[in-house]
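What follows is calculated from the coordinates using simple rules that are stated; it is not laboratory data. Predicted model, so just to flag it, every value in this text is computed and none were measured. Glycine gets a Cβ as well: all are built from the backbone with ideal geometry, and neighbour counts include every protein chain shown.
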Amino acid sequence: MSVSHESLNALKQSMESIGRDGARRFGSQETNRVHLGFNEVDQSLGGGLLRGATHDILPKSAQEGGAATGFALALIARLAFGVPWVWVRQDMAAREIGEPYGPGLAAFGLDPANLVLVAVPDAKEALRAAEESLRCQALGAVLFEPWGDPKQLDLTATRRLALAAEESGVTLITLRSGGHFPLGSCRTRWEIGAANSQSAGGEELGFPAFSARLVLNRQAGAGGPGGMWMMEWNHGKRLFQQANFGTGLSQTSHRPVAEAASPLPFRHAS
């Protein structure tokens, strides 16, 4: 049996286990959107990020993949608080950017115990795993991370993912590690870069900060408003806020070392 088939079978078993908790439905307009916390951004999005849709995140440059990953994980923290979520990664992304680190995820506002990590060798298997995950209605979100600009990631494939997200109500965040070209069939597209992070005294780091540009917004029909903002991620409150240098340090930076270093396992489906 090939590695890819083993990964897919393990993923299906994880989905079946999660699905026993019951599907989550989002019926009203209010619950179909999740507020990001930054009022100006939420207004541009028509009240927040749309659930059951696909959202595309591109790094501004090859050097800013870490910032794009951080922004994507912050969105996941808003979408999947307290519920399971799946991260589908192509192996090349892990080799180039690094593997997820449990204590780091916890310090960022995510519970590693809710993560199902799926590692696949190529874009074809990544697409299969992402679509399979999107059909599990008990998930809070799916983070899909192919590598580069694979030919398999065409309009037909992205449309299939968008339809699967719409049918299940599970949100898909596509993280374009190593990618350069935009994808079709997404409701929003973001270009993310790193921004200065500074504490009140200016001597230490503050909250994680991003230069975020909303280059495509189809949440309120074609041609919705875009924009560019300096955004901070307050991982204690699990909210975005306007980047005002001097906001102070995150409370999580004062946790005891023993607590920060405690084992925080997550499920690996490959």
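For a label point 7 angstrom out from the Cα of residue 122 toward its Cβ, which stretches of region 67-99 have the backbone nitrogen within less than 15 Å?
The answer is 90-92.
Quick one: what Rg and Dmax do you get for region 105-190 from the alpha carbons, in Å?
Over region 105-190's Cα set, Rg and Dmax evaluate to 12.9, 38 Å.
Report the extension gain between residue 213 and residue 237 in nm, rounded to one decimal, defined as 0.36 nm multiplied by the number of residues separating them, less their alpha carbon distance.
Full extension of this stretch gives 6.4 nm more.
Give me the extension gain from residue 62 to residue 91: residue separation times 0.36 nm, minus the current Cα-Cα distance, reported in nm with one decimal.
Numbers: separation 29, 0.36 × 29 = 10.44 nm, distance 1.75 nm.
Full extension of this stretch gives 8.7 nm more.
Local charge sum around residue 49 (other residues, Cβ-Cβ under 11 Å, Lys/Arg +1, Asp/Glu -1)? Write down the numbers at each step before the final one.
Details: positive: 33, 51, 78, 187; negative: 42.
Computed value for this residue: +3.
Could you work out how far apart the two model spin labels at residue 230 and residue 99 are, taking each label as a point 7 Å from the Cα in the direction of the beta carbon, and quote it in nm?
So the label points at residue 230 and residue 99 sit 3.7 nm apart.
Going highest first, how would you order 69-76, 191-198 by mean Cβ packing within 10 Å? Present the calculation step by step, with values, prior to reporting the outcome.
Working: 69-76: 23.2, 191-198: 18.5.
Descending packing order for the listed peptides: 69-76, 191-198.
Which length gain, in nm to one decimal place, applies between residue 205 and residue 167 when the Cα-Cα distance is subtracted from 0.36 nm times their residue separation? Could you put the intermediate results ahead of the total?
Details: separation 38, 0.36 × 38 = 13.68 nm, distance 4.18 nm.
Extending this stretch completely gives an extra 9.5 nm.
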